[in-house]
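Engineer: Before I ask anything, let me first share the structure, which is written out below as structure tokens.
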There are 2 protein chains.
Amino acid sequence: MTFTLAKTDGSARRGTLHLTHGTVETPAFMPVGTGATVKGLTPDELRSAHSQIILANTYHLWLRPGLDVLVAAGGLHTFMQWDGPILTDSGGFQVFSLQARRELDDNGVTFASHLDGSPQRFTPESVIAFQEAIGVDIAMVLDVCVQLPADQATIARAVELTTEWAKRSSAAHTRKETAVFAIMQGGLDRSAREASAQALVALDFPGYAIGGLSVGESREQMHELARFSAALLPAEKPRYLMGVGTVRDVLTAVDCGVDMFDCVYPTRCGRNGRAMTRKGEFAIKNAGYVRDFTPLDPDCSCFVCTTFTRAYLAHLFRSNEMLGPRLLSYHNLFVLNDLMRDARAAIEAGSWQKFRDSVLQA
Amino acid sequence: MTFTLAKTDGSARRGTLHLTHGTVETPAFMPVGTGATVKGLTPDELRSAHSQIILANTYHLWLRPGLDVLVAAGGLHTFMQWDGPILTDSGGFQVFSLQARRELDDNGVTFASHLDGSPQRFTPESVIAFQEAIGVDIAMVLDVCVQLPADQATIARAVELTTEWAKRSSAAHTRKETAVFAIMQGGLDRSAREASAQALVALDFPGYAIGGLSVGESREQMHELARFSAALLPAEKPRYLMGVGTVRDVLTAVDCGVDMFDCVYPTRCGRNGRAMTRKGEFAIKNAGYVRDFTPLDPDCSCFVCTTFTRAYLAHLFRSNEMLGPRLLSYHNLFVLNDLMRDARAAIEAGSWQKFRDSVLQA
């Protein structure tokens, strides 16, 4: 993996990430394909919506279809027929946020599968081995996420363990086609963030994620901490802010000097009938759209907006027709990817602030 | 509308139907897009799966989105962005089969909307007016369907009223771009079928449907009555057997001299994880497919079969991922359309019986 930074404009960065399965122009949004599928969409559609890299979840893939099926398939890329770059989350976030019953110890975390209750165990080594075995481009280290609010000692302990596990992940890393990124923790505590960044940067990972944000804190806190955290990371390496995917949040993330982000937000909104545009979001089921024969988003050039009307999409959602979630998911991804393309052009042109403000104030 | 019969081979017929929105090579299968959408699929996909004409339901469209929205949209074609031929069922079948509370009188049928309980009324005239107003290529007359078993008097009365309503439908017909087809009734009673056919043929409709079959009778009874009924209809006009859509049933229908058929079967199966092939059907969720890295149907050239494995499709269904229903619906439609294409070629080549037997005995 190599990362080249072509241009900066304020804190915003324009870079290129060369990965085993292709190139990612940054800043880039990564759609979430939790269980080896970005819900409702084919790989061809992900491409045509200008997705460059997708995210999948170690937690979900580990439980289903499981390592043996994915390896027998020839890896995750072949299994799901997406030939572009894939980043997998480590499962740390899922184990700590979704699992009521889990047992953390110094060497890993034991939990019960949400599918069948079977006992499962993640260690820093097993999670890296899994991600390498399924052939992803970027693997994330197993991290310890604390649920906020938490006291300083708990946060400090999570940072310490995350650092320790990052060290072990690095030692466990064997496959050069898979790059391993570390994850900064520290909750909303600046000194803990500093300690986390300092320790992880010393371990010289090829990329760094900012974890533990977008987990329920206020938007202002998130933006402030993201900016603070991004600045702690080395300029020459890619920075990935986890769990961010609204128009406002991705613009802010770019403005903080972040290069990559992921979120289920656009596809989850799409399934629920919430249309994203640069000018705001709206619920397509609202009565006002039943007789609205204009495009979903007049500023969008995606096939949904150039083919169908709001009235038709409203009809699909009001009738619980599965074509609705599919079309709106596509559109929402297209909007975010399109926004990123324009963001990249603006940074290149040195007009980032103007672009950012024009969207945020629309 | 014109229909030309190019070739017959036994009772099987190879024809061409010229409609306002295009040409349909027959025999042809019509996918069902009940509520202005073939569930889960885009119009482009219907085309690429080789669908030539689709069916929609007056009953459902009448209730939602309703006449005013469809007319304001510029008609059903524009609303759903399918530019090929559309046939709409009259709603007779839905009112009589889905509605527990409905009041039949000589002039029409009154029922409560299943959406909001509001009172609704279909008359032969209102149903034709609706179908003409939304601009379909083929409109069906309002018919009276009896639930089987029924006594002779009930069946005779239904046939009589269906004939009377067909007369009124014909008189109500004003738009030359929309062809109106009559519907033969008569249950499983051959003399009632004869009476129905005789009366309707005398009214000189441009096409005839065989209704009241595929409603719970045995497959043998259905095949026997379809053959008997088809032979009662004029050779020079298209014959449409309603509600038929398995591989075996469509082949039998063609063998009976039927030109068109429709059914929710392929898309409903697709949503439920049931894969159709010429060699039989199977449930993709079965354990045997979890590690099966062969194509869904090795004999199929659709994009699902040339892209994904059974293992991946099994994974999607086991994970309740919406991509699964979408992909299997597409494949099932492709299989039926592909079967029809080969059936047409076999009739042209004079090898229909051989083709039919080769599929039925596989």
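Engineer: Kindly point out, ordered by number, any Cys in the protein assembly as shown whose beta-carbon has no other cysteine beta-carbon under 4.7 Å away.
Structural biologist: A:C145, A:C256, A:C263, A:C269, A:C302, B:C145, B:C256, B:C263, B:C269, B:C302
Engineer: Between A:S11 and A:N107, what FRET efficiency follows from the Cβ-Cβ distance if R0 is 35 Å, with the result rounded to 0.05? Present the calculation step by step, with values, prior to reporting the outcome.
Structural biologist: Details: r = 38 Å, r/R0 = 1.09.
Using R0 = 35 Å, I get an efficiency of 0.40.
Engineer: Rounding to the nearest 20 debye, state how big the charge dipole of the protein assembly as shown is about its Cα centre with +1 on each Lys and Arg Cβ and -1 on each Asp and Glu Cβ.
Structural biologist: Roughly 0 debye, rounded to the nearest 20.
Engineer: I would also like to ask the following. Dipole magnitude of segment A:2-263 about its Cα centre, charges +1 at Lys/Arg Cβ and -1 at Asp/Glu Cβ only, in debye to the nearest 20? Intermediate results must be reported in sequence, preceding the final value.
Structural biologist: Values: 21 positive and 30 negative charges, 32 e Å.
Computed about the Cα centre, the dipole is about 160 debye.
Engineer: Over the whole of B:31-43, what's the average partner chain Cβ count within 10 Å per residue? Rounded to a whole number, please.
Structural biologist: Mean inter-chain Cβ contacts per residue within 10 Å come to 4.
Engineer: Which net charge results for the neighbourhood of A:H50, defined as the other residues with beta-carbon distances under 13 angstrom from its beta-carbon, given Lys and Arg at +1 and Asp and Glu at -1? Mind showing how you got there, number by number?
Structural biologist: Details: positive: A:R47, A:R341, A:R344; negative: A:E25, A:D44, A:E45, A:D338, A:D342.
Charge balance near A:H50 sits at -2.
Engineer: How big, in percent, is the set of alpha carbon pairs in segment A:52-186 lying more than 22 Å apart? Don't skip to the answer; put the middle values down first.
Structural biologist: Details: 3211 of 9045 pairs.
When all Cα pairs of segment A:52-186 are counted, 36 percent exceed 22 Å.
Engineer: Once Rh for segment B:2-263 is found with the Kirkwood sum over Cα pairs, what is the Stokes-Einstein diffusion coefficient at 10 °C and 1.306 mPa s, in µm²/s?
Structural biologist: Numbers: Rh = 18.3 Å.
Translational diffusion coefficient: 87 µm²/s.
Engineer: Show that you can apply the helix-only estimate: for the protein assembly as shown, add -39,500 (n - 2.57) for every DSSP H stretch of four or more residues, divide by all residues, and state [θ] at 222 nm to the nearest 500. Spell out each step's value before the answer.
Structural biologist: On the way: 30 runs with 306 residues, N = 724.
It comes out at -12500 deg cm²/dmol, rounded to the nearest 500.
Engineer: Lys and Arg at +1, Asp and Glu at -1: add these up for the other residues within a Cβ distance under 11 Å of B:D151 and post the number. Before the final figure, lay out each step's value.
Structural biologist: Working: positive: B:R157; negative: B:D189.
That works out to 0.
Engineer: Report the equivalent ellipsoid semi-axes for the protein assembly as shown in whole Å, largest first, defined as the square roots of five times the eigenvalues of the gyration tensor built from alpha carbon atoms. Numbers along the way, then the final one.
Structural biologist: Values: eigenvalues 655, 146, 92 Å².
Sorted largest first and rounded, they come to 57, 27, 21 Å.
Engineer: If you don't mind, there's one more thing I want to ask. Starting from the coordinates of the alpha-carbon atoms of segment A:265-362, obtain the Kirkwood hydrodynamic radius over all distinct pairs and give the value in Å to one decimal.
Structural biologist: On the way: mean 1/r = 0.0723 Å⁻¹.
Kirkwood hydrodynamic radius for segment A:265-362: 13.8 Å.
Engineer: Sticking with this one: For segment A:160-210, which trypsin sites (Lys or Arg not before Pro) are both in a DSSP coil and crowded by at most 15 other Cβ atoms within 10 Å? Show your work: numbers first, answer last.
Structural biologist: On the way: sites: A:K167, A:R168, A:R175, A:K176, A:R190, A:R193; in loops: A:R175, A:K176.
In loop regions of segment A:160-210 (DSSP not H, G, I, E or B), the sparsely surrounded trypsin sites (Lys or Arg not before Pro) are A:K176.
Engineer: Of all DSSP beta bridges located in the protein assembly as shown, what percent are antiparallel, nearest 5?
Structural biologist: Values: 50 of 94 bridges.
Just about 55 percent of them are antiparallel.
Engineer: Could you tell me what a quarter of the Cα convex hull surface of segment B:114-207 works out to, in nm² with one decimal place? Walk me through the numbers on the way to the answer.
Structural biologist: Numbers: hull surface 27.6 nm².
Result: 6.9 nm².
Engineer: For segment B:1-92, what does the relative contact order come out to in percent, with C-alpha contacts under 8 Å and a separation of six or more? Please report the intermediate quantities before stating the final value.
Structural biologist: Details: 136 pairs, mean separation 24.1, N = 92.
Computed over segment B:1-92, the figure is 26 percent.
Engineer: How high is the relative contact order of segment B:264-362, in percent, counting Cα pairs under 8 Å that sit 6 or more residues apart? Intermediate values should be presented prior to the final figure.
Structural biologist: On the way: 127 pairs, mean separation 32.4, N = 99.
Taking the mean separation of contacting Cα pairs over the length of segment B:264-362, I get 33 percent.
Engineer: Mind counting lysine pairs for me in chain A? Cα separation below 19 Å, and the two need to be 8 or more apart along the chain or on different chains.
Structural biologist: Values: A:K7/A:K237; A:K7/A:K354; A:K167/A:K176; A:K167/A:K237; A:K176/A:K237; A:K279/A:K354.
Taking the Cα cut-off of 19 Å, the pair count is 6.
Engineer: What number, in percent, do you get for the relative contact order of chain B if the mean sequence gap of Cα pairs under 8 Å and at least 6 apart is divided by its residue count?
Structural biologist: On the way: 728 pairs, mean separation 63.5, N = 362.
Rounded, it is 18 percent for chain B.
Engineer: Put the label 7 Å from Cα along Cα→Cβ for A:V71; what are its distances to the other copies, in nanometres, shortest first?
Structural biologist: Label point to label point, same position, other copies: 6.6 nm.
Since every read-out is calculated from the coordinates, none of them should be taken as a lab result. Keep in mind that what you see is a predicted model, and the values were worked out from it rather than measured. Ideal geometry is used to build each Cβ from the backbone, glycine not excepted, and the neighbour counts take in all protein chains shown.
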